[in-house]
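Asks: Got a structure for you, questions after.
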Amino acid sequence: MSTATQTRDAVVEVEGLTTRLGGRVVHDHIEFSVARGETFSIIGGSGSGKTTLLRTLIGLRSPSEGRVRILGHDLLTATRGTQQDIRRRWGVLFQGGALFSALSLFDNVAVPLRELHLLDEGVIRDLVMSKLDLVGLAADDAAKLPSELSGGMVKRAALARSLALDPELLFLDEPTSGLDPVAAAGFQALVRQLRRELSLTVVMVTHDLDTLAALSDRVAALAEGRLIAVGTLAEVRQSDHPFIHEYFASERGRLPSPTASEA
Amino acid sequence: MREPIPPTLEVVARAEGARWVVLDGDWRVEALCSRLPAIERQLAHLGEHQGLWWDLERVTALDSVAAALLWKYWRGARPPGLTVQPEHEAFFERLGRVPLVEAPSRRPATEVLVQLGQRALDFLGHLLRVLELFGQLVFDVLRALRRPSWAPCQDFSAALYRSGTTALPITALVGFLIGVVLSYLSAQQLRTFGANIFIVDLLGISILRELGPLLAAILVAGRSGSSITAQIGVMRLTQELDALAAMGISRTFRLVLPRVIALAVALPLLVLWTDALALAGGILAAQQELGVGFRLFLDKLPDAVPISNLWLGLVKGVVFGGLIGLVACHFGLRVEPNTRSLGAGTTRSVVVAITLVIVADAIFAIVTSRVGLP
């Protein structure tokens, strides 16, 4: 595979991505790539097309122009088998969790495992329980329905589901939105620990400056349909684009956060 | 991305006479997929032996699925002699913490008698709730009459359009076809007795009194009943009902009242429309089969069928419409915030609405047995 050699270290590559939604250009020739093991954050104001970008990356919508390559493959041109293989190697955490509301927490996490049609129920039980343990959920919670869980638990359960098959690549859409600061800090610690343990590559869309500071290796700022700055958090903050100024100015009035210093 | 290295395991004798199982290759789900039966056979065989030492240090990759698979053949315990790469240690630690409980099941087994009792209580509960909803509806109607400018008129007109106007084509088609079929079949019998002209009595009474209202009600129960239940049910899922309650807006006043009243208004009109088209279909077939012409049929109709049959049909329409609306709203409000409950609620709503319509029709038949029949 010639493509595989070119892109040995880039897990996600985006070239000239353009998205038009109802005549409006949401993304205008966006280019970036995410290296293996890196945590890459996408920031931007509400309606700047962050979530649309994430949906394009995971193939839920096709770009109007340009290419997206994940793990060395273009999802649009890959064969069905390759597509399936790639989808098995990534995990996606949706903003609202997107747990199946009719299934218990246990069954939610078991869905990707059962979908392999390979493992018996005993192994699935062990795996699900160890994943729940991994994200810090108790065995007693396993029988609960998603509607009986708190917001933080839903996020954890959804994370457990996205980690069910030990993905190499994890997409997080607003992982800490709707969580209180304690739960959010707990979630950040969890993602950090998982990155260490599972050598994950993480692509994250977030609003939350704390999460951004705590987790990101590199940050991309999306505004007016373009990536106006890409780099480490410190580099992006140096940018003199008015959006960046406004965005980080909102942090000025806040208390210095202990997690920010760790990044 | 590299091609997976096939996972292997072999038994080696090492120093001190210990027998080691040495694992090599990619112990990952992608690599395991195709070779799983063979590997499981090997593992099952090895699992029977005691005192084997396990060497996992040479594997090129290990994921949690492979770890759980090994764990199964180790019978849920860490073998005494086990060496693993430090980064894989966490998998086995975590598996060791898995409590030895069965996978949770949400369906506790209950006895038949208990189930029967639960069903009965369930039924009573629904009955009470529907009654409660009806009572609330009466209060809401009074409230709307007292302050007409506050009444949810826009919701009412939208509901009227959705459940009435948009139902015109389907009720027309079904009504027309039933009229044709009924007339055609009756014609075969009437011709035998030379009683051709009685087709007017037969069609007039059966359509105006029974078939028109029933057909329209069943179609509307399927169309609007399910849509109302699903709509209100999704409002529960998306917390819109909670939002209404938090704003102090009565859900019965804003959601139930306009829909029930709209159905009670729309259904008699649909009954009239279905009657007309069924009669039209009947006349067409009568003309073909019996030579009873259009003019003759319409001239004879008022004499053959007392007008009270039409009124009875329309009253049935009002009652059926109200019933369908009430049942649909009730099941919509009872939906729990999960998709299965939404599906079950919608099904029950339609089934119960149609059943109730037929029960109500039977009651009408008994109560009005002296009305409108020659």
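Asks: Which condition breaks for residue B:41 when tested against (1) surrounded by fewer than 16 Cβ atoms within 10 Å (Cβ to Cβ); (2) farther than 21 Å from residue A:198 by Cα; (3) within 11 Å of chain A (Cβ to nearest Cβ)?
Replies: It is condition (3) that residue B:41 fails.
Asks: I need a count of the residues in the stretch B:354-364 that are closer than 17 Å to residue B:211 by Cβ and either touching a residue at least 12 places away in the same chain (Cβ under 8 Å) or not aliphatic (A, V, I, L, M) (or both).
Replies: 6
Asks: Report every pair of residues separated by at least 6 positions or lying on different chains whose Cβ atoms are under 6 Å apart, first residue within the stretch A:171-199 and more than 14 Å from every other protein chain (Cβ to nearest Cβ), second surrounded by 15 or more Cβ atoms within 10 Å (Cβ to Cβ) and of a type in the set (D, E, K, R).
Replies: Close Cβ pairs (under 6 Å, with a partner that is surrounded by 15 or more Cβ atoms within 10 Å (Cβ to Cβ) and of a type in the set (D, E, K, R)) amount to A:176/A:208.
A quick yes/no check of all residues on (1) at the interface with chain B (Cβ under 7 Å from one of its Cβ atoms); (2) in contact with a Phe, Trp or Tyr (Cβ under 8 Å, 6 or more places away or on another chain); (3) within 27 Å of residue B:36 (Cα to Cα):
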| site | (1), (2), (3) |
| --- | --- |
| A:90 | no, yes, yes |
| A:100 | no, no, no |
| A:107 | no, yes, yes |
| A:110 | no, no, yes |
| A:117 | no, no, yes |
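Asks: Here's a check for you: in the stretch B:1-38, which residue that is of a type in the set (Lys, Arg) and at pLDDT below 80 is surrounded by the fewest Cβ atoms within 10 Å (Cβ to Cβ)?
Replies: Step one: of the stretch B:1-38, the residues of a type in the set (Lys, Arg) are B:2, B:14, B:19, B:28, B:35.
Cutting the leftovers down to at pLDDT below 80 gives us B:2, B:14.
Values: B:2: 9, B:14: 11.
Filtering first and then ranking leaves B:2.
Asks: Which fully enclosed helices (runs of 4 or more DSSP H) of the stretch B:251-368 have 1 or more residues being within 14 Å of chain A (Cβ to nearest Cβ)? So that I can check it myself, show each step before the final result.
Replies: On the way: elements: B:257-290, B:294-304, B:308-334, B:339-367.
Because the criterion is at least 1 residues that are within 14 Å of chain A (Cβ to nearest Cβ), the helices (runs of 4 or more DSSP H) in the stretch B:251-368 that meet it are B:339-367.
Asks: Let me ask something additional. Filter the stretch A:148-157 down to the residues that are in a helix (DSSP H, G or I) and either within 17 Å of residue A:130 (Cβ to Cβ) or without any contact (Cβ under 8 Å) to a residue 12 or more places away in the chain (or both), then identify the one that is nearest to the other protein chains (Cβ to nearest Cβ).
Replies: Out of the qualifying residues, it is A:148.
Asks: Moving on to the next point. Please work out if residue A:137 is within 13 Å of chain B (Cβ to nearest Cβ), at negative phi and either crowded, with 23+ Cβ neighbours inside 10 Å or in contact (Cβ under 8 Å) with a residue 24 or more places away in the chain (or both).
Replies: Values: within 13 Å of chain B (Cβ to nearest Cβ): yes; at negative phi: yes; either crowded, with 23+ Cβ neighbours inside 10 Å or in contact (Cβ under 8 Å) with a residue 24 or more places away in the chain (or both): yes.
Yes.
Asks: If you don't mind, there's one more thing I want to ask. Restricting to the stretch B:49-97, name every residue that is of a type in the set (S, T, N, Q) and either within 14 Å of chain A (Cβ to nearest Cβ) or in contact (Cβ under 8 Å) with a residue 24 or more places away in the chain (or both).
Replies: Here is the first cut: in the stretch B:49-97, the ones of a type in the set (S, T, N, Q) are B:50, B:60, B:64, B:83, B:85.
B:60, B:64, B:83, B:85 - these are the residues of the stretch B:49-97 that are of a type in the set (S, T, N, Q) and either within 14 Å of chain A (Cβ to nearest Cβ) or in contact (Cβ under 8 Å) with a residue 24 or more places away in the chain (or both).
The values are calculated or read from the model by the stated rules, or taken from the named source; none is laboratory data. Values in this document were obtained by computation on a predicted structure and should not be read as measured data. So basically every Cβ, Gly included, is an ideal-geometry build from the backbone, and we count neighbours across all protein chains shown.
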